[in-house]
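These notes concern the structure reproduced below.
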Amino acid sequence: MARLSISDLAERRIFRYLLAYGAGAWALLELTDQLTGNGVLPPYLYRGTLAFVLSGAPGALIVSWFHGAKGRQEVPRTEKWLLAIVGVFAIATTGFVIRRGVTASGPRSAAVLEPFEDPGRIAVLYFEPRGGGDTEFLAAGLTEALIDELSGVQGLHVVSRNGSQLFRGVAASADSVGRTLEAGTIVSGTVAQAGERVRVDVTLASAASGKQYASTRLERGRSEIFELQDQLADTVSVFLRKAIGVELGEQRLRRGTRSVEAWERVQRGAQVAAGATVMTRSGDLEGAARSLSTADSLLASAETLDRAWLEPLVRRGWLAYEQSRLGGMDRDHYETWIGRGLAFADSAIRLDSTYASAVELRATLAYWTYLLNLAAGPEQAEEMLRSAEGGFRRAVALDPERASALTSLSHLLLNKGEVAEAKLNALRAYESDPFLENANLTLWRIFLASWNLQDVVEARRYCQEGVRRFPEDFRFSQCQLMLYTLPGVEPDIARSWALVDTFAGKSPPQVRDVNRRRGYMYVAMALARSGAADSARAVMLAGRAGTEIDPLRELALLESIARTANGDVDEAVRQLSLYFAANPGTVEAYRTQGGSGELPWYHRSLLNEPRFRSLVGLR
């Protein structure tokens, strides 16, 4: 029987039919994968095509059995019935898979909200004056200044003054105001005056539910009324934008899943992760790692409750990235957590290649690998850099207002020496971040690009903006130090030393030592510019550190800049060689810039030095 069966199969060319079917199925799946991967077709159609190909495979067997043998064959009734059964089964299975995909993706798409449900549509009601005198004038001025301030923010829709006038002095429910003015967030407040003090209370409420979800109180001295209005309007604007961003994020999260329990666990995970951020800033890295692990467990459980919801999966990847940043000098720690994060990113992208957060996550981890010099060699490092740049650009293409991806792309371009484009992307990020979720990093990137372009006016402007909006962020003490290193700015050595203490004091504990030494190098640059060459050299030596403190040799780069300003060419090149040894990917940027005569301003005087040209490979 065995010989007969094998002979029969060979005679009917069953294997040839199956091979032809497999080749056709593979081509169809590849085409569908390309179309879904590039966003032409929805992702669930790939799973539908796979279901059709697998469930239709018995049809190839049936056709080969009845028609595989050479010669003319009739189509018997049995074949017709069998093919009909296979066809019905394949269509039913494919329909079931596609319907599940449509159902699963339905709530994940950006549902169209009624205007009074959208937190990004804002009505600022005229603030209520309390206390007599000219408080009414102050309340009206503050309201109108706030409307003007918010109206200039890209991504927000703010009801005009005329619209707000409809409810001036009128008691009305949030629902009525929201439906009439087509706004989802109602801003109201009071302005009270007592002597030379002015107190402003501001609340945000949902128009749909009437529920108050944020409030703040500000109190200022009243010395100059117009300056006070501008100051309060700006402060309240920042508060409102952040609060509305949180509310809008929660709404989007709620629309992503039908499982209330999954949503609650993601929310709890976010709260625990926020606590880890506070611990990291205070230096409790072990506590932060435990909190991130707890948050990951909550997200993992949310993932099991709604398998079609990608948000828990992607957030687990971002938590892995945060865990990697707690690694100190441990290469194994970095590689473990980066690998874990990449696995989450790849899983999410396989399910939906248009999920912008997953695309950005993968790019971030690739760039992080590049920055930490974890690549196996220069070729892999270049591939990581290309992958990261492509990923950031794709994330922005998928979500043009994704400020975090734009900011990261700006940093990458700065490292490549493409400073002008880096600044344009940072500026675009600042304009595309209506809820100020990433504004401190974005301002820092704009400052760095301006500093690299030797643009004193723009560098000072964005440094001061950062100081005003984020006074506790150590970066904006650093930028004040860096301003004194720019040609055209008069060095203030005494203030520079005070800023070093502030810069180090505000820095997170894990980078406090290296940041103090960075501060020394900036002081040395200022001393070199002021003509105090010997003092500059002494400060440079005091600022040096080994790889246990500065594994990426950024202090060597800063010393090379200070040495160049001080005229110590040989030592400038030597320090630069130490930096290149730790960061081999940066040599290509210097070679390219040097070849076009466009070295960074702080190293431009080295262009004609033989040792420098030999170091970067210029003839």
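Please treat every number below as a calculation from the coordinates, not as lab data. Everything numeric here is computed off the predicted structure, so don't read it as measured data. Cβ sites come from the backbone with ideal geometry, for glycine too, and all protein chains shown count toward neighbours.
A few remarks follow.
- Rg/Rh for the chain, where both radii come from Cα atoms and Rh is the Kirkwood radius: 1.08
- Contour minus Cα-Cα distance for LEU607 and VAL170 (0.36 nm per residue): 150.3 nm
- Distance between the modelled labels on VAL238 and ALA274, one decimal in nanometres: 1.8 nm (7 Å Cα→Cβ projection).
- Residue-wise HN-Hα couplings along the range 473-480, as the Karplus relation 6.51 cos²θ - 1.76 cosθ + 1.60 with θ = phi - 60° gives them from phi, are 7, 4, 4, 8, 7, 4, 5, 5 Hz; Gly and Pro carry x.
- The charge dipole of the range 115-244, taken about its Cα centre with unit charges on the Cβ atoms of Lys, Arg (+1), Asp and Glu (-1) only, comes to about 340 debye.
- FRET efficiency for ARG469 and LEU424, using Cβ-Cβ distance with R0 set to 30 Å, rounded to 0.05: 0.90
- In this structure, the amide hydrogen of PHE127, modeled 1.01 Å from its nitrogen in the peptide plane, lies closer than 5 angstrom to those of THR143, counting only residues at least 5 positions away or on a different chain.
- Note on PHE89 and ALA498: the extension gain reaches 139.5 nm, defined as 0.36 nm multiplied by sequence separation minus the Cα-Cα distance.
- Charge tally in the Cβ shell below 11 Å around THR592, where Lys, Arg are +1 and Asp, Glu are -1, THR592 excluded: -1
- DSSP-defined beta bridges in the range 111-251 - what % are antiparallel, rounded to 5: 70 percent
- DSSP beta bridges fully contained in the chain are about 70 percent antiparallel.
- Separation in nanometres of the label points that stand 7 Å from Cα toward Cβ, at LYS80 and GLU30: 3.8 nm
- Unit charges at the beta carbon, dipole of the chain: most positive-side option, LEU413, VAL573, ALA388: ALA388
- Amide H within-cut-off set for TYR213, under 5 Å, with H built and near neighbours excluded: LEU204, ALA205, SER206
- Relative contact order (%) - criterion: Cα under 8 Å, at least six apart; region: the chain: 7 percent
- Residues in the range 186-198 carry Karplus couplings, in order, of 10, 9, 9, x, 10, 10, 10, 10, 9, x, 9, 10, 10 Hz; the curve used is 6.51 cos²θ - 1.76 cosθ + 1.60 with θ = phi - 60°, and Gly or Pro positions show x.
- Neighbour net charge for SER297 - beta-carbon separation under 15 angstrom, K R +1, D E -1: +1
- Among LEU138, PRO115, GLN165 the positive-end extreme of the charge dipole of the range 115-244 (Cβ point charges): PRO115
- When the Cα convex hull of the range 474-619 is projected onto planes of every orientation, the mean area is 8.4 nm².
- On Cα atoms only, tilt of 2-11 relative to the major axis of the chain in degrees: 70 degrees
- Residue exposure sequence - THR442, THR369, THR190 - by fewest surrounding Cβ within 10 Å: THR190, THR369, THR442
- For the chain, the longest principal axis of the alpha carbon atoms and the long axis of helix 439-452 meet at an angle near 70°.
- ALA194-ASP284 FRET efficiency (beta carbon distance; Förster radius 41 Å; 0.05 resolution): 0.50
- In sequence order, calculated HN-Hα J values of the range 304-315 (Karplus, 6.51, -1.76, 1.60; Hz; x Gly/Pro): 6, 7, 8, 5, 7, 8, 7, 4, x, 4, 5, 5
- Cβ-Cβ FRET estimate between ASP332 and GLU114, R0 fixed at 56 Å, reported to 0.05: 0.60
- Charge dipole of the chain (Cα centre as origin; +1 on each Lys and Arg Cβ, -1 on each Asp and Glu Cβ, all else neutral): 1720 debye, rounded to the nearest 20.
- For the chain, the mean residue ellipticity at 222 nm estimated from helices alone is -22500 deg cm²/dmol, where every DSSP H run of n ≥ 4 contributes -39500 (n - 2.57) and the total is divided by all residues, rounded to the nearest 500.
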